[in-house]
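Working notes for the structure below.
The values are calculated or read from the model by the stated rules, or taken from the named source; none is laboratory data. Model, not experiment: these values are computed from the prediction. Note that we place each Cβ from the backbone using ideal geometry, even for glycine, and neighbour counts take in every protein chain shown. Side chains are part of the model used for accessible areas, which takes the heavy atoms of the whole protein and leaves out ligands, DNA and RNA. Shrake-Rupley method; radii C 1.70, N 1.55, O 1.52, S 1.80 Å.
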Amino acid sequence: LAYLELFFTSDIKKDYQTQLHDIAQKFNKQIADDGTSYEGSTAYHRLVYEMLTHLRALFDVTKTNFPASLERKHDLMKQFLAHCTDHGGTLATIGDND
């Protein structure tokens, strides 16, 4: 929905930036300080990382400052995924994969 609103709105409203920050707060609660996901699943972790990467892009496009706490967690999530991925690009399956 955030992408659609951005696409169909000619100017970025303050309300939109507030919505982005609200979404960011939800991510902050879902991601532990060490960058892991509460689900305990590498597949879910990758999904959350990809969603957070998209949120970060929306912050960039709207010229809104991405929260520093999420910047750190985003980097830690990337590191975690790198440690769980072999040289061929296969992610180790830990936890459920649905």
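With respect to the conditions (1) open to solvent by 50 Å² or more (accessible area, probe 1.4 Å); (2) modelled with pLDDT under 90; (3) assigned to a helix (DSSP H, G or I), residue 39 falls short on a single one, namely (3).
When 45, 54 are screened for being modelled with pLDDT of 85 or more, assigned to a helix (DSSP H, G or I) and either at positive phi or surrounded by 14 or more Cβ atoms within 10 Å (Cβ to Cβ) (or both), only 45 passes. Pairing residues of the stretch 61-82 that are touching a residue at least 60 places away in the same chain (Cβ under 8 Å) and open to solvent by 20 Å² or more (accessible area, probe 1.4 Å) with residues that are of a type in the set (Lys, Arg) and part of a helix (DSSP H, G or I), at Cβ distances under 9 Å and at least 6 apart in sequence or on separate chains, gives no pairs at all.
Here's a check for you: in the stretch 1-35, which residue that is of a type in the set (A, V, I, L, M, F, W, C) and exposed (fewer than 14 other Cβ atoms within 10 Å of the Cβ) is modelled with the highest pLDDT?
First, the residues of the stretch 1-35 that are of a type in the set (A, V, I, L, M, F, W, C): 1-2, 4, 6-8, 12, 20, 23-24, 27, 31-32.
Restricting the remaining residues to those that are exposed (fewer than 14 other Cβ atoms within 10 Å of the Cβ) gives 1, 4, 7-8, 32.
Details: 1: 69, 4: 70, 7: 67, 8: 69, 32: 89.
That would be 32.
Listed conditions (1) loosely packed, with under 12 Cβ neighbours inside 10 Å; (2) in a helix (DSSP H, G or I) are all met by residue 93, apart from (2).
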